[in-house]
Amino acid sequence: MNDLATKYNPSEVEDKWYSYWMKHKLFHSEPDGREPYTIVIPPPNVTGVLHMGHMLNNTIQDILIRRARMEGKNALWVPGTDHASIATEAKVVNRLAQQGIKKTDLTRDEFLKHAWDWTREHGGIILEQLKKLGASCDWDRTAFTMDETRSRSVIKVFVDLFNKGLIYRGVRMVNWDPKALTALSDEEVIYKDEHSKLYYLRYKIVGEEGYAIVATTRPETIMGDTAMCINPNDPKNAHLKGKHVIVPLVGREIPVIEDDYVDIEFGTGCLKVTPAHDINDHMLGEKYNLPSIDIFNDNGTLSEAAGLYVGMDRFDVRKQIAIDLEKAGLLEKVEDYNNKVGYSERTNVVIEPKLSMQWFMKMSEITKPALKAVMDDAIKFFPPKFKNTYRHWMTDTKDWCISRQLWWGHRIPAYFLPKGGYVVAENIADALVLAKKKTGDESLTEKDLRQDDDCLDTWFSSWLWPISLFDGICNPDNKEIKYYYPSSDLVTAPDIIFFWVARMIIAGYIFRDDKPFRNVYFTGIVRDKLGRKMSKSLGNSPDPITLIEKFGADGVRMGMMLAAPAGNDILYDDSLCEQGRNFNNKIWNAFRLVKGWEVADIEQPDYAKEAVEWFSSVLNSTLAEVKDLFSKFRISEALMAVYRLFWEEFSAWYLEIVKPAYQQPIDRVTYNATLGFFDSLLRLLHPFMPFITEELWQHISERKDGESIMVARVPEPGKIDSGIIEAMNDAKQIIAGVRTVRLQKNIPNKNVLSLQIAGKFTNAFAPVILKLANLSGIAEVSEKDSTAAPFMVGTVEYAVPLQGNIDVDEEISKIQSDIAYLQGFLKSVEKKLSNERFVNNAPAAVVAAERKKQADAQSKIATLEASLAALKH
């Protein structure tokens, strides 16, 4: 006790024990004969910093890994970071711009040097922050999606899938990010509701005086129009069949085509067809063999092909063309219109549908085993509601656009030949061999080959994460992949269910013919107490490290978990962390109390013996409950069960029962049992609150260097005597009844009272009741004392004689006042029940409620009148 501080100071404890765990390599794992338990971290962006979502996600992972470690499993939590192509390249470009350097002024190698410098400078900060949280990752295994092993794996997979015909190159309509200057997959586009305008444009009908009116939200694209389309079943536009119209301002004559695709109800039923800049128009263009005019440069300005507004930004053109159309008499009207607009998830600019030469991966067949695995529960989702989301994503999946027009990332291993065509190989030496074979030109050299400038989508590396972390792509039969794969549990957010979860499952079945993990636990989104998603722009997201400094890591971990049921959003408030900190203090003070007792070799009192038997059953009951809750991933509920056990059962009841009288010793048997219970409680709490539990566990008894609660076994549930638990619950109610009487009658706790029972007293916890209620005895009586204050426990009536402890006249006055109030209340109820209209017309439940009020009031009046008569006797 000498070196245990009076108050718990997290900052003194946390760094000390984290260093101790690291020094003794307690997080490290190697394959052995034990059952493996593996978690792979969802790799955060290498240059990112910890936010509240990370806090929640990694706290849950750490709870699971620490619990598994204490169950005797060979627990491994593999950390790592993601290179985050778009986000990282954008940051590097911005920093270069501040130095007056444009990306276009640099060679690829020069730019990559800057990118690696940025990564080394900012990378790894988030992993150091995770250590502050207590994350027990095997840091010796820290991986990066662009380190050598992961990079070799990505390139090998690309080549393998290309050779199997699953990867192809072609011109397709893609989502183009004009800021990042790269293609995006469909999943990287966020659709937002916007208040737009609907422009009604006049297209002159060739050979006639009239106009065909087209409604569009994008007048700036008319320079790319190559047809107008109507529905053949639309009578109002039947006069346009077989005609041609002239594109306003542009003067180009285009045909009117017919297709059922056109919505008769939208606008005027006439659709402008711009095959280069709309996915549906592109399909019409292919169907009717229409020309395609790409009017946009990559940065969203208009190209030479547009002929008008060349070099202007697309949104500036929208404003200007509306003015010009109106001046030319070619704008019928403009209406307000609400629609959904696609934005780049990374840069938050409006994406531009664009025809572009890209690399794609065929998805239709390879998704089938992955869909079946989840639907058949070979991989279990917690909560299961996300199976529906998964099925939606995995049905009718589009081909995955895997190329990005970026330099930071895994460069596509395709090599273009001098006279056209290309080969795909893991390196340029292999590419040269293939190039010579393909062309028949033995004079070719490596300098004749030009590698594709594009990079692979970041998700193309992270989809391999559970396999590549154990080098299972390049060395598929190594002992680590055989031992650790499939991993046990994945903890992630539902918003990347398709980006990452589904693709990892697909990769697992392609490359290992097995699932990548057994269970997926979906966390909720952390919101503020107003329900808003936490974000930098709203300024409602606290800095996690500041929270840890204020409340301690254990306090923050507990605060997050108290409000974190699986799959449901978390309404965060600092008061949760405060509750966590208070619980730390409660544990600390309880430990100091117990360790401060003087111990003597004296006989164990009956109340203490009963308390030990009872708490042993309660502890075993909670151990079984927690084990069951963990099996169902109800981790927040598991924490609440342990919290209640410690705060309510152990501190508020058990310690109060066994606590020796002032300056008196405790018997050794009870003391040892109490320390044993404390040991079990600390083990049960350790996964949730690792630091304080290690500190106190080390103080329970002498420990050798290297010993840790981290690897101590979690207690297994033992015998549960439900009879003892029920009897103690009754005893608690009896004690509470006596305490209520004291409170109501202003009787000090130091005054010894007695207790009467109408009938036989059978509760086995009499010594406990006598001690905690401060009673001289419990008497079985046929008639209670005239001064007694009664109370009920279940159907049994108890009474506390008050002779000498109350002012009789004052008590008589109070009872008379209570009777008068109840009689008035009863009168109003009876008046209502005597009203035939009410009884006949009111719902049966309402009438029944009134009759119950009547009966309760009559019963209370009778009891009070009996007490009044006894006092006057």
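Structure notes:
- Surface accessible to a 1.4 Å probe, Met357 within the full protein complex, Å²: 80
- In Å², nearest 10: area of Arg851 left accessible to a 1.4 Å probe: 120
- With the whole protein complex present, Asp32 retains an accessible surface near 70 Å², based on a 1.4 Å probe.
- Cα-Cα over 27 Å, subset of Lys760/Lys860; Lys659/Lys814; Lys340/Lys632: Lys659/Lys814; Lys340/Lys632
- Projecting the Cα positions of Asn589, Pro565, Ser617 onto the charge dipole of segment 511-638 (unit charges on Cβ atoms of Lys, Arg, Asp and Glu, taken about the Cα centre) puts Pro565 furthest along the positive direction.
- Using a Förster distance of 45 Å, the FRET efficiency for Gln744-Glu613 (Cβ separation, nearest 0.05): 0.90
- If the convex hull is drawn through the Cα atoms of segment 139-283, its volume per residue in Å³: 187
- At 0.890 mPa s and 25 °C, Stokes D of segment 319-463 from Kirkwood alpha-carbon radius, µm² per second: 121
- Label zone at Glu578, where the point sits 7 Å out along the Cα-to-Cβ direction: segment 516-554 residues whose backbone N lies under 11 Å: none
- Built amide H within the under 5 Å cut-off of Ile257, gap 5+: Met228, Cys229, Ile230
- Inter-site label distance for His122 and Ser828 at 7 Å from Cα along Cβ, in nm: 6.7
- The fraction of accessible area contributed by carbon and sulfur in the chain is 50 percent, rounded to a whole number (1.4 Å probe; ligands and nucleic acids excluded).
- FRET efficiency estimate (nearest 0.05) - Cβ-Cβ, Ala845 to Gln816, R0 41 angstrom: 0.75
- In summary, the aspartates and glutamates within cross-link reach of Lys719, defined as a Cα separation below 14 angstrom excluding same-chain residues under 8 places away, comprise Glu613, Glu625.
- 3J(HN,Hα) along segment 654-666, derived from phi through the Karplus expression 6.51 cos²θ - 1.76 cosθ + 1.60 where θ = phi - 60°, amounts to 4, 5, 5, 5, 7, 4, x, 4, 3, 6, 10, x, 9 Hz, with x in place of Gly and Pro.
- Structure note, pairs Lys23/Lys482; Lys131/Lys479; Lys179/Lys272; Lys197/Lys319: Cα-Cα distances above 20 angstrom occur for Lys23/Lys482; Lys131/Lys479; Lys179/Lys272.
- Simple spin-label estimate for Asp32 and Thr142 gives 2.5 nm between the two label positions (7 Å along the Cα-to-Cβ direction from each Cα).
- 18 Å Cα-Cα reach of Lys113 towards lysines, excluding residues that sit fewer than 8 places from it in its own chain: Lys91, Lys102, Lys103
- Averaged over residues, the count of other Cβ atoms within 10 Å places the peptides 721-727, 603-609, 440-446 in the sequence 603-609, 721-727, 440-446, highest first.
- For segment 209-223, 3J(HN,Hα) per residue [Karplus equation, 6.51 cos²θ - 1.76 cosθ + 1.60, θ = phi - 60°, Hz, x = Gly/Pro]: 7, x, 10, 9, 9, 10, 9, 8, 8, 10, x, 5, 9, 4, 5
- Amide H contacts of Ile525 (H built 1.01 Å from N, under 5 Å, at least 5 apart or other chain): Asp569, Ile570
- Between Lys550 and Val349, the C-beta separation translates, for a Förster distance of 35 Å, into a calculated FRET efficiency of about 0.40.
- In the context of the full set of protein chains, segment 636-732 has a per residue accessible area of 40 Å² (1.4 Å probe).
- Counting every C-alpha pair in the chain, the share spaced more than 43 angstrom apart comes to 53%.
- Take the Cα of Lys164, go 7 Å toward its beta carbon, and the backbone nitrogen atoms of segment 366-402 under 14 Å from that spot belong to 366-370.
- Nonlocal amide H pairs with Met146, under 5 Å, H built at 1.01 Å: His83
- Cross-link reach is defined here as a Cα-Cα straight distance under 17 Å, omitting same-chain residues fewer than 8 places apart; for Lys398 the aspartates and glutamates meeting it are Asp186, Glu187, Glu188, Asp278, Glu365, Asp457.
- Point-to-point label distance, Asp377-Asn478, nm (Cα→Cβ direction, 7 Å offset): 3.6
The values are calculated or read from the model by the stated rules, or taken from the named source; none is laboratory data. All values derive from a computational prediction rather than experimental measurement. Ideal geometry is used to build each Cβ from the backbone, glycine not excepted, and the neighbour counts take in all protein chains shown. For the accessible areas, the whole protein counts, side chains as well, though only heavy atoms, and no ligand, DNA or RNA atoms are used. Shrake-Rupley method; radii C 1.70, N 1.55, O 1.52, S 1.80 Å.
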